[in-house]
Amino acid sequence: MKKFTFKGGVVPPERKELSNECAIKDAFPSTKTVTIPVTMGGAPNQPVVKVGDVVKKGQLIATGDKFMNCPVHASIAGTVKKIGSFMVTTNVEVPCIVIQADEAQETAYMEPLDPFTCDEKDALARIRDAGIVGMGGASFPTHVKLAPPPDKEIEYVLLNAAECEPYLTIDERTLQEETHRVIDGMAIVLRLMGAKGVVALETNKSYIKPILEKEIAECGYSDDITVVLVKTKYPQGAEKNIVKAVLGREIPAGKLPADAGAVIINVGTVAAISDAFRLGKPLIERGLTISGGAVANPCNIRVPVGTVVGDLIPQVFDLFPELTYKIISGGPMMGFAMTNAMFPVAKGTSGVIFLTKKETCDLEEDPCISCGACIHVCPMHLTPVMINRELKAEKLEGAKKFGLMDCIECGCCAYVCPAHVHLVQRFRLGKALVRDEMMAKKAKEAMEAAKAEASQEKK
């Protein structure tokens, strides 16, 4: 049988056996409080509640009036105790709303809406009103993704079920335990897009294929949705790679999957879409994997958005403190190393990994020997060695020429580098400098335009 894949990539130890047989269990913070970021994808939101307000579960608490805004809702019922800045996954402080739970836990869900009879405009509005974003990590607003420009013809919707990051198994469990929600959500998206659906499942999860096909057949979608096995390799789940592997199409540099006739959507995202229509429930809960060698009882859990990870210890999972060397929000390849566990679970948090020193590679950089190993594994077909060389010489234009802005920060290059060069960190810094330059240029152009306008008015 053909195994769909892409050129490049790496095959790190999977470590999924730690949690892939652990059923998803509901959990609640021991402090009975949640710290909900005001913005979790899209344009910046503004709070619409104030300290002292009593809110219901599912009630709108932050939003904005731009198309790119994605609303945020109360994940528990209770009282707003504080609105202030708190540390989140990216190790920066952002505005958050702290809610203390009450006993009643009243809900304020929307009315259910039939996704197959309602107007397309109303369907997109429902997805926006539910605050649904991509739950694979990027947190891009789903209502924007599902409204491509008129000149982009979408032929396929690809359900990204690869879950190629080591340790993470929440999608794997969701596909097994909540198959109907997943397929129902996928069917809703297909109706909106007028496209065919493909579920891309890595071969290490091939046992789920008959489970999905059975559900697809029972729901009457056999002509619309197929399940394809893609090779188990990292980063198989990256947008450009999965489009190349499944459809054999290249997404041009600087372009989106829509330019290749595809829309990519995550397992958790389609399940949330089903809930938004069938239950009127906003995206207020998040399934995630807790794993790593320092975790005494790895597990898959579902918690209210805004749950502080440290508030789950030790009631939900316990650690070996003497073994905990590094905490990562997300997967070990693309996740963010955190200083401690006192950060909230956001809509895009797929897992939290507690690693031992043996599981990490915390070595000092040696000089690059230009071996080219990074070039062979780069799934974007870039030359990381040259990008690194230009950045070290402070030549941003040269780094851009070699593809800096096309880097997806997957970490394959750093994984194979025999000199342990901190390539991803350097690339992230380089991209930030490029963006700063672009913002400064725009600000300068705006200022010059304003001066020109003022000069014209004087005349």
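The values are calculated or read from the model by the stated rules, or taken from the named source; none is laboratory data. Because the structure is a prediction, the values reported are computed rather than measured. Cβ coordinates were reconstructed from backbone atoms using ideal geometry, including for glycine residues, and neighbour counts include every protein chain displayed. Surface areas here come from the heavy atoms of the whole protein model, side chains and all, with no ligands, DNA or RNA. Shrake-Rupley method; radii C 1.70, N 1.55, O 1.52, S 1.80 Å.
Pairs, please: C-beta under 8 Å, at least 6 apart or cross-chain, first residue free of Cβ contacts under 8 Å to residues at least 60 places away in the same chain and in region 145-162, second surrounded by fewer than 24 Cβ atoms within 10 Å (Cβ to Cβ)?
Between residues of region 145-162 that are free of Cβ contacts under 8 Å to residues at least 60 places away in the same chain and residues that are surrounded by fewer than 24 Cβ atoms within 10 Å (Cβ to Cβ), the close pairs are ALA147/LEU124.
In region 12-32, which residue that is surrounded by 14 or more Cβ atoms within 10 Å (Cβ to Cβ) and aliphatic (A, V, I, L, M) is farthest from ILE242 (Cα to Cα)?
ALA27
Does VAL98 qualify as being among the aliphatic types (A, V, I, L, M), in contact with a Lys or Arg (Cβ under 6 Å, 6 or more places away or on another chain), modelled with pLDDT of 95 or more and under 17 Å from GLU285 (Cα atoms)? Before the answer, list the steps.
Values: among the aliphatic types (A, V, I, L, M): yes; in contact with a Lys or Arg (Cβ under 6 Å, 6 or more places away or on another chain): yes; modelled with pLDDT of 95 or more: yes; under 17 Å from GLU285 (Cα atoms): yes.
In short, yes.
For LEU279, all conditions in the list (1) within 20 Å of the chain's Cα centre (by Cα); (2) at pLDDT 95 or above; (3) among the hydrophobic types (A, V, I, L, M, F, W, C) hold save one; what is the number of the exception?
Result: LEU279 fails condition (1) only.
Got a sec? Which of GLU111, GLU155 is closer than 19 Å to THR226 by Cβ, open to solvent by 10 Å² or more (accessible area, probe 1.4 Å) and at pLDDT 95 or above?
Working: GLU111 fails: closer than 19 Å to THR226 by Cβ.
That would be GLU155, the only listed residue that is closer than 19 Å to THR226 by Cβ, open to solvent by 10 Å² or more (accessible area, probe 1.4 Å) and at pLDDT 95 or above.
Give me the pairs, please: first residue somewhere in region 90-105 and farther than 18 Å from ILE76 by Cα, second residue anywhere and surrounded by 18 or more Cβ atoms within 10 Å (Cβ to Cβ) and charged (D, E, K, R), beta-carbon distance under 6 Å, and either six or more positions apart or on two chains.
If the second residue must be surrounded by 18 or more Cβ atoms within 10 Å (Cβ to Cβ) and charged (D, E, K, R), no pairs are left.
I'm trying to understand the selection: among the residues of region 33-76, which are free of Cβ contacts under 8 Å to residues at least 24 places away in the same chain and open to solvent by less than 40 Å² (accessible area, probe 1.4 Å)?
THR63, GLY64
When you scan region 218-241, how many residues do you find that are outside any loop (DSSP other than H, G, I, E, B) and touching a Ser or Thr at 6+ places or on another chain (Cβ under 8 Å)?
First pass over region 218-241, keeping only residues outside any loop (DSSP other than H, G, I, E, B): 218, 225-230, 234, 239-241.
Those still in the list that are touching a Ser or Thr at 6+ places or on another chain (Cβ under 8 Å) too: 229-230.
Number satisfying all stated conditions: 2.
Which one is nearest to THR79 (Cα to Cα), of the residues in region 114-123 that are touching a residue at least 12 places away in the same chain (Cβ under 8 Å) and open to solvent by 60 Å² or more (accessible area, probe 1.4 Å)?
Step one: filter region 114-123 for residues touching a residue at least 12 places away in the same chain (Cβ under 8 Å), giving 114-116, 120, 123.
Narrowing the set further to residues that are open to solvent by 60 Å² or more (accessible area, probe 1.4 Å) leaves 114, 116, 120.
Details: ASP114: 33, PHE116: 37, GLU120: 36 Å.
In this case the residue turns out to be ASP114.
If you take the residues in region 374-395 that are part of a helix (DSSP H, G or I) and over 28 Å from the mean Cα position of the chain (by Cα), which one is farthest from LEU429 (Cα to Cα)?
In the first step, residues of region 374-395 are kept if they are part of a helix (DSSP H, G or I); the result is 374-377, 384-392.
From the residues that got through so far, the ones that are over 28 Å from the mean Cα position of the chain (by Cα) too are 386, 389-390, 392.
Working: MET386: 16, ARG389: 14, GLU390: 13, LYS392: 11 Å.
The extreme case among them is MET386.
Any idea how many residues of region 124-138 are of a type in the set (Gly, Ala, Ser), over 15 Å from VAL263 (Cα atoms) and open to solvent by 20 Å² or more (accessible area, probe 1.4 Å)?
Residues flagged as of a type in the set (Gly, Ala, Ser), over 15 Å from VAL263 (Cα atoms) and open to solvent by 20 Å² or more (accessible area, probe 1.4 Å) within region 124-138 amount to 2.
Can you pull out every residue in region 166-209 that is of a type in the set (Val, Ile, Thr), open to solvent by less than 20 Å² (accessible area, probe 1.4 Å) and assigned to a helix (DSSP H, G or I)? Before the answer, list the steps.
First pass over region 166-209, keeping only residues of a type in the set (Val, Ile, Thr): 169-170, 174, 179, 182-183, 188-189, 198-199, 203, 208.
If we keep only those that are open to solvent by less than 20 Å² (accessible area, probe 1.4 Å) as well, we get 169-170, 174, 179, 182-183, 188-189, 198-199, 208.
ILE170, THR174, THR179, VAL182, ILE183, ILE188, VAL189, ILE208 - these are the residues of region 166-209 that are of a type in the set (Val, Ile, Thr), open to solvent by less than 20 Å² (accessible area, probe 1.4 Å) and assigned to a helix (DSSP H, G or I).
Criterion first (within 23 Å of the chain's Cα centre (by Cα), open to solvent by less than 70 Å² (accessible area, probe 1.4 Å), more than 30 Å from LEU283 (Cβ to Cβ) and of a type in the set (Ser, Thr, Tyr)) does THR360 satisfy it?
The answer is yes for THR360.
Is there a residue being assigned to a loop (DSSP other than H, G, I, E, B), closer than 29 Å to LEU60 by Cβ and among the hydrophobic types (A, V, I, L, M, F, W, C) anywhere in region 266-281? Can you show your working first?
The first filter runs over region 266-281 and keeps only residues assigned to a loop (DSSP other than H, G, I, E, B), leaving 279-281.
Narrowing further to those that are closer than 29 Å to LEU60 by Cβ: 279-281.
Checking the rest, the ones that are also among the hydrophobic types (A, V, I, L, M, F, W, C) come to 279.
Yes, some residue in region 266-281 is assigned to a loop (DSSP other than H, G, I, E, B), closer than 29 Å to LEU60 by Cβ and among the hydrophobic types (A, V, I, L, M, F, W, C).
Quick check: is even one residue across region 438-445 without any contact (Cβ under 8 Å) to a residue 24 or more places away in the chain, within 26 Å of the chain's Cα centre (by Cα), buried (at least 19 other Cβ atoms within 10 Å of the Cβ) and assigned to a helix (DSSP H, G or I)?
Restricting attention to region 438-445, the residues satisfying the condition of being without any contact (Cβ under 8 Å) to a residue 24 or more places away in the chain are 438-445.
Remaining after also requiring within 26 Å of the chain's Cα centre (by Cα): 438-439.
With buried (at least 19 other Cβ atoms within 10 Å of the Cβ) added as a condition, the list becomes none.
No - not one qualifying residue is present in region 438-445.
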